[in-house]
1. Determine the pairs where a residue that is in a helix (DSSP H, G or I), located within region 7-23, has a partner that is among the basic types (Lys, Arg) with Cβ atoms under 8 Å apart, the partner being 6 or more residues away or on another chain.
2. Among the polar types (S, T, N, Q) and at pLDDT 95 or above, is that true of Ser54?
3. Check off (1) out of contact with any helix residue (DSSP H, G or I) (no Cβ under 6 Å at 6 or more places or on another chain); (2) exposed (fewer than 14 other Cβ atoms within 10 Å of the Cβ); (3) outside any loop (DSSP other than H, G, I, E, B) for Leu3 and give me the number that stays unchecked.
Amino acid sequence: MKLLTEYIERALQLEALAEGETDSKFKADLLKQADSYRKLAAKRAAQYGLPSPSLPEEPN
């Protein structure tokens, strides 16, 4: 269960970094990494028989 939590926390950190980033290439890279961590979290959740984690909220 620890890895699942760590994957979600890392995805959230990367998404927060991307939110304030002005360099569009770097921002896209951060969001791509965050997406990869979310996929890992979903895979781990499936292994535990848990529902997939929620998707990130869309910025306003």
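1. Close Cβ pairs satisfying both conditions: Tyr7/Arg38; Tyr7/Arg44; Ile8/Arg38; Ala11/Arg38; Ala18/Lys27.
2. Criteria not met by Ser54.
3. Unmet condition: (1).
The values are calculated or read from the model by the stated rules, or taken from the named source; none is laboratory data. Note that the structure is predicted; figures quoted are calculated from it, not measured. Here the Cβ is made from the backbone with ideal geometry for all residues, glycine too, and neighbour counts use every protein chain on show.
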